[in-house]
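This report concerns only the one structure given below.
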Amino acid sequence: MESLTRILDRQLLALGDTPVTVGTVGMALVIVLVTCWLSRVLQKALARTLLARGMEEKGTLSAMRRLLHYAIMLIGIGVALDTIGLNLGALFAAGAVFAVGLGFAMQNIAQNFVSGVILLAERSIKPGDVLEVDGQVVRVAQLGIRATLVRTRDDEDLIVPNSVLVQSVVTNYTLKDTIYRIRAMVGVVYGSDMRLVVETLQAAAEKLSWRLRERDPVVLMLKFGDSSVDFEVSVWINDPWNARMALGRLNQAIWTSLKAAGVTIAFPQLDVHFDPIVEQSMQALSSGRAL
């Protein structure tokens with residue numbers, strides 16, 4: 001027993017006036033191990049609590065567990081260093097200048113980390129949400145601490161820094177519901193029966209089986225263009241992710257209905273009128289006579 005005591009009291013080094021012994025180092029290691037065990041227990045408890053409250057997003061849950069792990073380990077390592085005899089206050093004061101320089105070097109990383117914490121706290125963006133970021137529609141696959149993994153409609157995986165989602169204007173099509181409005185534009189010639197056009201477009205939109213029945217289609221005469229009278233047909237769907245496919249089917253229905261009704265869909269054209277002297281000159285050239 002005395003030999004064990006002598007071993008534990010054996011001094012390894014000295015930090016100022018504080019000796020570092022085998023016993024203090026061993027105690028610090030025990031504290032770190034206990035901290036790791038406590039972190040796992042609390043992470044499991046957090047997961048059970050959040051799942052019981054209805055959270056099913058694996059990405060959000062994983063990110064919150066990592067945040068809890070980092071916080072607990074930071075506290076445990078601090079206690080372990082204090083047990084060894086390291087003055088944390090002096091260490092933080094000495095490392096303040098270094099921390100400032102490191103902060104400038106890791107500004108983007110820190111910014112993305114803080115943005116990830118904000119996203120987790122606000123829950124304005126969750127795995128499965130359909131977003132529009134920088135003009136591109138994506139679906140959130142995994143929400144991380146530093147970056148968010150999203151997938152495009154072309155099945156491409158993109159890594160978006162969290163700071164982009166926090167500081168930029170991001171459209172979340174599924175924040176409160178999944179209702180989405182699609183619009184189709186069509187132009188008809190000026191000689192068309194406009195009442196027939198409106199009735200045809202309205203009927204074509206109402207016959208769509210995949211549209212949201214709670215909202216009626218809307219047909220608007222928007223403007224008188226250079227070569228056509230332009231209409232807008234809009235319907236609502238319950239799946240923003242497949243909006244392009246729905247727009248294609250709506251355009252097909254409009255085309256078929258207008259053709260069946262005998263309405264001509266306009267296309268760009270230009271009428272050129274010549275002055276009489278120009279017409280005479282062109283006729284003379286075409287007949288081979290001199291001017």
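Readers should treat all values here as calculations from the given coordinates under stated rules, not as data from a laboratory. The shown structure was predicted, so the numbers you read here are calculated from the model rather than taken from an experiment. When we count neighbours, we look across all protein chains shown, and the Cβ atoms used for this are built from the backbone with ideal geometry, even at glycine.
Within a Cβ distance under 11 Å of LEU212, other residues only, what is the Lys/Arg minus Asp/Glu net charge?
0
Could you work out the local net charge near THR178, counting Lys and Arg as +1, Asp and Glu as -1, over the other residues with Cβ closer than 11 Å to its Cβ?
Neighbour charge sum, excluding THR178 itself: -2.
Pulled fully out, how much extra length does the chain show between ASP155 and LEU38, if you take 0.36 nm times their separation in residues and subtract their Cα-Cα distance?
Contour length minus the Cα-Cα distance gives 38.1 nm.
Straight-line reach from LYS259: which lysines have a Cα under 22 Å away, not including same-chain ones fewer than 8 places off?
In chain and number order, the partners are LYS207, LYS223.
Tally Lys/Arg at +1 and Asp/Glu at -1 over every other residue whose Cβ is under 14 Å from the Cβ of ILE72; what's the total?
Net charge around ILE72: +4.
Run down the lysines and flag those whose C-alpha is under 28 Å from the C-alpha of LYS44, throwing out any fewer than 8 positions away in its chain.
Result set, ordered by chain and number: LYS58, LYS126.
Pop out the ³J(HN,Hα) list for region 181-191 in order, Karplus 6.51 cos²θ - 1.76 cosθ + 1.60 with θ = phi - 60°, rounded to Hz; leave Gly and Pro as x.
These are the phi-based 3J(HN,Hα) values: 9, 10, 10, 10, 9, 8, x, 10, 5, 5, x Hz.
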